[in-house]
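K.L.:
Please see the structure below; I have some questions.
The values are calculated or read from the model by the stated rules, or taken from the named source; none is laboratory data. These figures come from a predicted structure and were not determined experimentally. Here the Cβ positions follow ideal geometry from the backbone for every residue, glycine too, while neighbour counts run over all protein chains shown.
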Amino acid sequence: MLALATVRLHPGAVAQPAEGSDRSRGLGSEVRAGLAVAARSPLLRTILLVSAVAELGFTGPFNVGIALLAQEHGWGAAGVGLIVGGFGIGAALAAVAVSVLGRLPCAGLLVGPLAMLTGVALAAVGFAPARLWAVAASSVLGVSVGLAGTLGTALLQAQTPPQYLGRVMSLSSLAGFGGIPVSYAITGVVAGLWGPAVAFLGGTALAAAAGLAAGSSPALRRAVLSAAH
């Protein structure tokens, strides 16, 4: 609320839609227009697909599986806090790195390998022999997830026509958050049947699938993130 209170809009900064434009077409038309824009662009649809698959494989094992791992290994609440904290440190370092570097000529090319690294880090957390190993693996996981997420979002914003940016970013939110309940449920079921480590292994498989999808897209591999974006 405090941040929003400081925002000031200059007169005329917000373009007013013309008669018969998007505002008058209704919500259904706007949603269809956003889907059409994403479907026509190989880059946009690949980023949305990669985001959806990667989040499906990551959120459940990390948010549910870590507590189950700590319980299984006797790491306690302190172990959960350290592992999650390690992830936060890695994600923060990733955000700082992207901010400092600015222009990344190979931004799109990095998304696939980063998804693969996410899968390896997930497996390393799930099969960590000691708490310290899990914390270290979680830090690497934070770096890979932070970099991939930041680059994917930046490329999505840079390549979307301005008039469709809100709709495409809504699709991005749906891709990222829509699968969370499913991921949680699957993680719980798999962990209950075969143990939490197997749930992390399932996340590794999905992250690898996301990496393969990213690597197989020429449009994403060629995508560049400039300082202006």
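K.L.:
Can you find a residue in the stretch 155-165 that is surrounded by fewer than 18 Cβ atoms within 10 Å (Cβ to Cβ), among the polar types (S, T, N, Q) and without any contact (Cβ under 8 Å) to a residue 40 or more places away in the chain?
P.N.:
No, the stretch 155-165 contains no residue that is surrounded by fewer than 18 Cβ atoms within 10 Å (Cβ to Cβ), among the polar types (S, T, N, Q) and without any contact (Cβ under 8 Å) to a residue 40 or more places away in the chain.
K.L.:
Given the criteria outside any helix (DSSP H, G or I) and more than 13 Å from Leu225 (Cβ to Cβ), does Pro129 qualify?
P.N.:
Working: outside any helix (DSSP H, G or I): yes; more than 13 Å from Leu225 (Cβ to Cβ): yes.
Considered against the rule, which asks whether it is outside any helix (DSSP H, G or I) and more than 13 Å from Leu225 (Cβ to Cβ), Pro129 comes out as yes.
K.L.:
Which condition number in (1) modelled with pLDDT under 95; (2) more than 16 Å from the chain's Cα centre (by Cα) is the one that Glu55 fails?
P.N.:
(2)
K.L.:
Also: Report, ordered by the first and then the second residue, all pairs with beta carbons closer than 7 Å, sequence separation of six or more or different chains, a first member in the stretch 90-110 that is under 16 Å from Gln157 (Cβ atoms), and a second member that is of a type in the set (Gly, Ala, Ser) and loosely packed, with under 15 Cβ neighbours inside 10 Å.
P.N.:
As it stands, the answer is Gly102/Ala227; Arg103/Ser226; Arg103/Ala227, since those pairs meet every condition given.
K.L.:
Which condition from (1) under 19 Å from Leu69 (Cβ atoms); (2) crowded, with 23+ Cβ neighbours inside 10 Å is the one that Leu114 breaks?
P.N.:
The number of the failed condition is (1).
K.L.:
A further question on this structure: Do you know which of the residues in the stretch 187-196 that are in contact (Cβ under 8 Å) with a residue 60 or more places away in the chain and surrounded by fewer than 20 Cβ atoms within 10 Å (Cβ to Cβ) is farthest from Val64 (Cα to Cα)? Don't jump to the end; show me each part of the working.
P.N.:
Taking the stretch 187-196 as the starting set, the residues that turn out to be in contact (Cβ under 8 Å) with a residue 60 or more places away in the chain are 187-188, 191, 195-196.
This time we only want the ones that are surrounded by fewer than 20 Cβ atoms within 10 Å (Cβ to Cβ), so: 188, 195.
On the way: Gly188: 7, Gly195: 12 Å.
Filtering first and then ranking leaves Gly195.
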